[in-house]
Amino acid sequence: MDHIYEGAFSRIILKPLTYEYIEQLRQLRNRDDIRCWFINSSLISIEEQENWYKKYLTNSKEYMFVAFEKKYPGVFIGSWGAYNFSDDGLIFETGRRMIAYDKVSERGLGYDIVCCGLDTIFSNTKAEKVYSEVLSNNERSIHSILKVGYKIIKTIKKGKHELVYLEMTKKEFYNNLSVNK
Ligand SMILES: CC(C)(COP(=O)(O)OP(=O)(O)OC[C@H]1O[C@@H](n2cnc3c(N)ncnc32)[C@H](O)[C@@H]1OP(=O)(O)O)[C@@H](O)C(=O)NCCC(=O)NCCS
């Protein structure tokens, strides 16, 4: 897949994930304080990460981004992903959002990352609606995407996990963005 989209918003730059960042991404994802917030929280090996990346490159319905602060553009600080696009390309899921708190210069960048990612996807694809599933006890993550404009629709069970299902239209996203300015 030719994943060429990149974006900038407020304090953040998002670039397409490339091979040079997959090890930093793996190490961030494997941190105990990060992986505890994912449904699959097992440790990822170097080999698994390489295989996942190879598969990712062939998937036309997945966009994985790496994040940087505008003021430190060389320092990898996290990630965000858009995936599970519907066959007609109108609906997609977001997640895989992580921030390396030891590398950032300020808090609250999670909001900027989501806005940057959504603006990049909505401007470059025909998608009209986004959804996300977040562990119901991940209050920090839920708080920050509610601020973006996602609305809680329902609570769902996946295995032993309880998740909050949130969604938002493209129109709601841009309306909310102009209100928050
Ligand atoms: C989710 C994540 C990306 C959010 O990053 P962030 O926005 O920079 O996080 P912050 O700590 O600055 O908090 C964001 C907001 O949540 C609020 N918050 C923090 N802890 C909270 C809590 N326990 N309950 C409710 N709100 C909380 C903060 O006050 C802040 O709100 P504000 O912007 O209105 O002041 C980051 O916490 C992270 O990497 N978490 C681990 C991985 C993860 O959970 N990913 C999501 C998987 S779906």
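The values are calculated or read from the model by the stated rules, or taken from the named source; none is laboratory data. Keep in mind that this is a model prediction, so the values were computed, not measured. So basically every Cβ, Gly included, is an ideal-geometry build from the backbone, and we count neighbours across all protein chains shown.
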- Cβ pairs under 6 Å, 6+ apart or interchain, first in the range 83-110 and within 11 Å of the ligand (Cβ to nearest atom), second part of a loop (DSSP other than H, G, I, E, B), ordered by first then second residue, are Glu93/Asn84
- Query: Can you name every residue in the range 58-71 that is surrounded by 13 or more Cβ atoms within 10 Å (Cβ to Cβ) and either among the hydroxyl-bearing types (Ser, Thr, Tyr) or over 15 Å from the mean Cα position of the chain (by Cα) (or both)?
  - Reply: Asn59, Tyr63, Glu69
- Task: Considering every residue within the range 117-138, establish whether at least one is assigned to a loop (DSSP other than H, G, I, E, B), modelled with pLDDT under 95 and closer than 16 Å to Ile34 by Cα.
- Result: no
- Item | Residue list for the range 29-48, filter: among the polar types (S, T, N, Q) and within 11 Å of the ligand (Cβ to nearest atom) | Ser41
- Query: Is it fair to say Ala82 is touching a helix residue (DSSP H, G or I) at 6+ places or on another chain (Cβ under 7 Å), within 18 Å of Thr125 (Cβ to Cβ) and either buried (at least 16 other Cβ atoms within 10 Å of the Cβ) or among the acidic types (Asp, Glu) (or both)?
  - Reply: yes
- Query: Just to be sure, is Ile113 at pLDDT 95 or above, buried (at least 21 other Cβ atoms within 10 Å of the Cβ), within 11 Å of the ligand (Cβ to nearest atom) and closer than 19 Å to Tyr5 by Cα?
  - Reply: yes
